[in-house]
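**Q** Supplied in structure tokens, the structure appears directly below.
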Amino acid sequence: MQKGNIGVTTENIFPVIKKFLYSDHEIFLREMISNAVDATQKMKTLAEKGEFKGELGDLTVRVSLDKEAGTLTISDHGIGMTEEEIDRYINQIAFSGVNDFLDKYKDNANAIIGHFGLGFYSSFMVADRVDIITRSWKEGSKAVKWTCDGSPAYEIDDAERESRGSDIVLHISEDCKEFLEKGQIETLLNKYCKFMPVPVAFGKKQEWSSEEKKMVDTAEDNVINNIEPLWTKTPSTLKDEDYKSFYRTLYPMQDEPLFWIHLNVDFPFHLTGILYFPRVQNNLDLQRNKIQLYCNQVFVTDQVEGIVPDFLTLLHGVIDSPDIPLNVSRSYLQSDANVKKISTYITKKVADRLNGIFKNDRNDYEEKWDSLKIFIHYGMLTDESFYDRAKDFALFKDTDGKKFTYEEYKTLIKENQTDKDGNLIYLYANDKEEQYSYIEAAKAKGYSVLLMDGQLDTPTVNMFEQKFEKSRFTRVDADVIDRLIQKDEVRKVEFSEEETSNLSEVFRSQMPNIEKVEFTVDVQALGETASPVLFTQNEYMRRMKDASRFQSGMGFYAQMPDTFTLILNSDHSVIKSVLADTTTSTAEALKPVLAEIKGLEARKIVLEQEQKDKKSEEITEEQKKDLEETRNKITEENTKKANILKDFATSSDKVHQLIDIALLQNGMLRGASLDKFLKRTIDLLK
């Protein structure tokens, strides 16, 4: 029997492995089976080269549990090891010291395993003792057993093993007993070993026994993996159903994908895989762990940020590459030259695939546009190179459902939607139902209105305004129709200044109190056939508020109230009628108030003129007091005036009806207010 100490420069290696790999302790099973697969693959290579001339036999890697003994065993029929090889590969660990170890790798379990070649030693995350019973393929080799109890001390002794290969026996520690549960091992095997290139069996397949009234083992191995997954095959040999079937294997509960891209490149790096476009509409809060990353068919991670561009993490599928340094930190990954090349390659392949579908079958592409839109917009917003590729196959959709390329749409609207300053105005709506009347008013003018109801359309609109020359995007309810695309001078209101002021005050006094909403009133000449009232919302402020939901540092806008302007159409007969009613009903009460205001305003002008060129110390206290009292009296009289107008407005069904019509048009009339409106409407019809 040989005894000795494992060649490390610290005796703390095993406690450190246990402690700092604990968060990723399930990875031990991947490492154990990967080693078994590697040993098997090497055996196959030796046979192919003619160095091994015997029978390869059954190469299945087997995983077995013995709950009573507390062991988990991984067995292979690979190359095995001699006693000298155990000493070289197991007992000698290149290790630089515990301080460097902790400082450099404390946050990354994979880094420790990969960087130091500690794959085998990950077994000590879950085991108090590990036995290796192995026999080399080399002629005349004898079986040996290596045992270590989680300290640097080990023992090597003779053992019994009839054939080549290795059994790794893990004596599971008390605090890791979950790894003696069949269900847990099945879960991990399915996660990490589903597509390993050598058969991996866990127990036997089961079938229902009518005699025993339960599931019983059959003689057939329960092989948990597919050794030739779809991405390893030549695309020309595959049919659409093959890709769809594989997608169902990867994502059993998902809808059928839109289409897919089969990746296959040998230079300047090695990469294979299949990326699927899922049916996505307006939900960016998707799980980003839908792309599975493999290294030679061994599952590594489903956290692929840094390996593929951010917008491509919305895709589903598999990427397999031996050239990605998988076991290092994410910051290293993001700066690695190979990773950058892979990222660029994938972006180009995705763009080429989309462009190919667009050119070859535009009808099919347009049918898929609603699902593709969020993905393409996300890519254009976050990746300049993708924007340059995608701008030729990205589409606009109008409110009638028609779709156009950016150039096609520009040509369509150029003649009719260019304002007097030469700016091309893109009108859009983000809710066809709520903004219906605004859309119809625009159509009546011969304008086209885009439907931009996607989650990313606010930042996308901002991007378009930066990319498109002499262009502006305006939501269709941002102003009255004649001002959305201003081609002539604005028509003048025919009311006097006093009439306009009174009319505005009448409506302002009756505007509802809605949380986080502010209302202003404006009088404009919109033409006799235009609506008597409508709400508009400032394009800039609304867009800033929308953008605050996506961009940090814009919380100020998110806290601001929504501001709507009630536009009163001075040309409409109903508004003229309200003004006439206002004048008739308030003339008597307003007469002395207006006379008083007129006199006070004249006195204020005189007093201000007298004091205009004097220094403060040259003005007497009496003069200052006189001016202040005059101003206060004007305020009091204006309050009286406002109250007189308010009293009239409160009793005017026309005023309330018009306000409610505007609120209803914008989805802001609810509850008791809506009920009042309906009852008032019925009364007006009597």
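The values are calculated or read from the model by the stated rules, or taken from the named source; none is laboratory data. Because the structure is a prediction, the values reported are computed rather than measured. So basically every Cβ, Gly included, is an ideal-geometry build from the backbone, and we count neighbours across all protein chains shown. Note: accessible area is taken over every heavy atom of the protein model, side chains too, but ligands, DNA and RNA are not part of it. Shrake-Rupley method; radii C 1.70, N 1.55, O 1.52, S 1.80 Å.
**Q** Given a 1.4 angstrom probe, I'd like the percentage of the accessible area of the chain that is carbon and sulfur, rounded to a whole number. Display every interim value, and only then the final one.
**A** Numbers: 16360 of 35210 Å².
Exposed carbon and sulfur together represent 46 percent of the surface.
**Q** R0 = 41 Å: FRET efficiency of residue 55 with residue 360, Cβ-based, nearest 0.05?
**A** 0.20
**Q** Moving on. Per 0.36 nm of contour for each residue apart, how much would the distance between residue 674 and residue 445 grow if the chain were fully extended, relative to their Cα-Cα spacing?
**A** Numbers: separation 229, 0.36 × 229 = 82.44 nm, distance 3.12 nm.
Taking residue 674 through residue 445 to full extension adds about 79.3 nm, to one decimal.
**Q** Here's something else I'd like to know. Using a 1.4 angstrom probe on the protein heavy atoms only, could you order 62, 680 from most to least accessible area?
**A** Working: 62 80, 680 35 Å².
If we order 62, 680 from most to least accessible, we get 62, 680.
**Q** Turning to a different aspect of this structure: Accessible surface of residue 647 in the full protein assembly, 1.4 angstrom probe, to the nearest 10 Å²?
**A** The accessible area of residue 647 comes to roughly 100 Å².
**Q** Can you tell me the order of 217-225, 576-584 when each peptide is scored by its average per-residue count of other Cβ atoms within 10 angstrom, highest first?
**A** Peptide ranking by packing, descending: 576-584, 217-225.
**Q** Additional query: For an R0 of 22 angstrom, estimate the FRET efficiency from the Cβ-Cβ distance between residue 423 and residue 371 and round to the nearest 0.05.
**A** So the FRET efficiency works out to roughly 0.10.
**Q** Let me check something: with ligands and nucleic acids excluded, how do 256, 174 order by accessible area (1.4 Å probe), largest to smallest?
**A** 174, 256
**Q** Under 23 Å between alpha carbons, and skipping anything fewer than 8 positions from residue 194 in its own chain: which lysines qualify?
**A** 42, 44, 182, 204, 205, 233, 239, 244, 290
**Q** Could you give the length gained by full extension between residue 265 and residue 207, i.e. 0.36 nm per residue of separation minus their alpha carbon distance, to one decimal place?
**A** Once the chain is fully extended between residue 265 and residue 207, it gains 16.6 nm.
**Q** Any idea how far apart residue 223 and residue 391 come out in nm if each label point goes 7 Å out from Cα toward Cβ?
**A** According to this spin-label approximation, the distance is 5.3 nm.
**Q** Give the accessible surface of the chain per residue, rounded to a whole number of Å², with probe radius 1.4 Å and ligands, DNA and RNA excluded.
**A** 51
**Q** Pull out the extension gain between residue 175 and residue 190, defined as 0.36 nm times the separation in residues minus the alpha carbon to alpha carbon distance; nm, one decimal.
**A** 3.1 nm
**Q** Further, regarding this structure: May I ask you to order 207-213, 341-347 by the average number of other C-beta atoms within 10 Å around their residues, highest value first?
**A** Details: 207-213: 8.4, 341-347: 18.0.
Descending packing order for the listed peptides: 341-347, 207-213.
**Q** How big is the dipole moment of the chain about its Cα centre under a simple scheme where the beta carbon of each Lys and Arg is +1, that of each Asp and Glu is -1, and everything else is neutral? Debye, nearest 20, please. Present the calculation step by step, with values, prior to reporting the outcome.
**A** Details: 91 positive and 118 negative charges, 190 e Å.
Dipole magnitude for the chain comes out near 920 debye.
**Q** Kyte-Doolittle cut-off -1.0, length cut-off 24 Å along the helix's own axis using Cα: show which whole DSSP H helices in the chain pass. Intermediate values should be presented prior to the final figure.
**A** On the way: long enough: 27-48 (31 Å, 0.04); 337-360 (34 Å, -0.41); 362-382 (27 Å, -0.81); 573-611 (46 Å, 0.08); 621-650 (43 Å, -1.66).
The answer, listed by residue number, is 27-48, 337-360, 362-382, 573-611.
**Q** Work out the FRET efficiency for residue 66 and residue 433 from their Cβ-Cβ distance, taking R0 = 56 Å, and round it to the nearest 0.05.
**A** Numbers: r = 65 Å, r/R0 = 1.16.
So the FRET efficiency works out to roughly 0.30.
**Q** Run the simple label-point estimate for residue 605 and residue 541 please: 7 Å along Cα→C-beta, distance reported in nm.
**A** Each label point is offset 7 Å from its Cα along the Cβ direction, giving 3.3 nm.
**Q** Kindly identify segment 382-428 as rounded, prolate or oblate by the Cα gyration tensor criterion: order the square roots of the eigenvalues as a ≥ b ≥ c, call it rounded if a/c is under 1.5, otherwise compare a/b with b/c, prolate if a/b is larger, else oblate.
**A** Because a/c hits 1.5 or more and a/b fails to exceed b/c, segment 382-428 counts as oblate.
**Q** Once P(r) over Cα pairs in 10 Å bins from 0, in percent is worked out from the coordinates, which option in (1) 3, 15, 24, 23, 14, 6, 3, 3, 3, 3, 2, 0, 0; (2) 2, 11, 16, 15, 13, 11, 9, 9, 7, 4, 2, 1, 0; (3) 3, 13, 18, 18, 17, 15, 10, 5, 2, 0, 0 does it equal?
**A** (2)
**Q** List the pairs from 414/445; 445/492; 403/443; 625/646 whose alpha-carbon separation is above 24 Å, in the order I gave them.
**A** Over 24 Å apart, Cα to Cα: 625/646.
**Q** Turning to a different aspect of this structure: Taking a probe of 1.4 angstrom, what is the accessible area of residue 505 in Å², to the nearest 10?
**A** 50
**Q** Let me ask another. Answer with one residue from 166, 544, 77: the one whose Cα lies farthest towards the positive end of the charge dipole of the chain, charges on Cβ with Lys, Arg +1 and Asp, Glu -1.
**A** 544
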